[in-house]
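Visitor: After the structure tokens below, expect a handful of questions from me.
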Amino acid sequence: MRIGQLLGTGRSADVYELDERWVLRRYRVGLDARHEMPVMSYLSASGYPVPRLGPLPVSAGPGDLVLQRLSGPTMLESLMSGELDGAEGSAMLAGLLADLHTVPARLSADPEDRILHLDLHPGNVMLTADGPVVIDWSNTEEGLPALDRAMTALILAQVAVDPHDPAAGGARALVDILVPLLAAGDGIPGRHLAAAAARRTANPSMSPAELARIGEASDLVTALSA
């Protein structure tokens with residue numbers, strides 16, 4: 001496997017060019033990517049928009065995934081550039097969560113459980129010519145959809161309440177529209193928001209400044225959910 005240039009980097013993984021069709025995503029911190037493969041295959045077979053999986057070479061480590069190379073900006077980039085507005089972004093995120101939560105759990109016998117992403121935010125949505133594609137399934141679990149909705153709302157609210165983040169204004173506009181959308185119907189119950197906050201607090205990739213904003217972000221989601 002010939003690894004080409006670095007195409008992108010995130011909190012815990014780097015993405016490298018392999019060829020025109022495929023990229024290699026490699027964890028930097030010893031995480032295991034193998035649990036993501038059956039989930040992504042299952043979702044793809046269910047019609048949910050995820051990158052196709054490519055064949056892993058014999059030399060691949062447990063933190064490696066070969067993925068379809070996607071063309072297009074992230075939703076975050078489109079929101080920041082103004083190509084996508086808050087209403088459009090909110091409707092797209094709400095729709096992606098709703099569609100995901102129609103897919104029955106792969107392993108759980110509980111009929112209420114669904115596949116959860118647990119990190120579905122604008123930076124993890126690629127806007128391709130064929131439509132939005134959800135990437136980075138490293139946090140995926142099975143459980144109640146309300147936790148997924150709470151996690152998305154809280155992640156965005158953390159950005160919205162940060163006066164030093166250049167994306168704060170856009171995030172606040174998104175949160176103001178998105179949270180009421182997510183709160184409709186079954187909503188974002190307080191216990192699920194508390195569970196999302198606990199997960200964010202325990203996330204080792206959170207900076208001290210990010211951790212300090214979790215309480216304020218939770219309060220914002222609660223207020224907008226009312």
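The values are calculated or read from the model by the stated rules, or taken from the named source; none is laboratory data. Values in this document were obtained by computation on a predicted structure and should not be read as measured data. Please note: Cβ atoms are built from the backbone with ideal geometry, for glycine as well, and neighbour counts cover all protein chains shown. Note: accessible area is taken over every heavy atom of the protein model, side chains too, but ligands, DNA and RNA are not part of it. Shrake-Rupley method; radii C 1.70, N 1.55, O 1.52, S 1.80 Å.
Visitor: With charges only on Cβ, +1 for K and R and -1 for D and E, what is the dipole size of region 31-154 about its Cα centre, in debye, rounded to 20?
Guide: So the dipole magnitude of region 31-154 works out to roughly 300 debye.
Visitor: Using a ≥ b ≥ c from the Cα gyration tensor of region 119-226 (square roots of the eigenvalues), is it rounded, prolate or oblate, where a/c under 1.5 gives rounded and otherwise the larger of a/b and b/c decides, a/b for prolate?
Guide: Here region 119-226 falls in the rounded category.
Visitor: Let me check I've understood the local charge: for SER78, count other residues with C-beta under 15 angstrom from its C-beta, Lys and Arg +1, Asp and Glu -1. What total comes out?
Guide: -4
Visitor: On full extension of the chain, what length is gained from MET80 through SER108, given 0.36 nm per residue of separation minus the C-alpha to C-alpha distance?
Guide: Gain in length upon complete extension: 6.3 nm.
Visitor: Find out how many positive minus negative residues lie around LEU178, taking Lys and Arg as positive, Asp and Glu as negative, among other residues whose Cβ is under 14 Å from that of LEU178.
Guide: Within the 14 Å Cβ shell, the charges total -2.
Visitor: A follow-up question, please. Per DSSP helix of 4 or more residues, -39500 (n - 2.57); summed, then divided by the residues of the chain. What does that give at 222 nm, rounded to the nearest 500?
Guide: Helices in the chain give a 222 nm mean residue ellipticity of -13000 deg cm²/dmol.
Visitor: Tell me the Kirkwood hydrodynamic radius of region 85-174 in angstroms, computed as one over the mean inverse distance between distinct C-alpha pairs.
Guide: 13.9
Visitor: Keeping all protein chains in place, calculate the accessible area per residue for the chain (probe 1.4 angstrom), answer in Å².
Guide: For the chain, the solvent-accessible area averages 48 Å² per residue.
Visitor: Which FRET efficiency value, to the nearest 0.05, is calculated for ILE3 and ASP130 with the Förster distance at 25 angstrom and r the Cβ-Cβ distance?
Guide: That pair, ILE3 with ASP130, gives E of 0.40.
Visitor: What shape does region 1-80 take by its C-alpha gyration tensor, where a ≥ b ≥ c are the square roots of the eigenvalues and a/c under 1.5 counts as rounded, a/b above b/c as prolate, and the rest as oblate?
Guide: Verdict is rounded for region 1-80.
Visitor: Around VAL15, under 13 Å between beta carbons, what's the net of Lys plus Arg minus Asp minus Glu among the other residues?
Guide: In short, +1.
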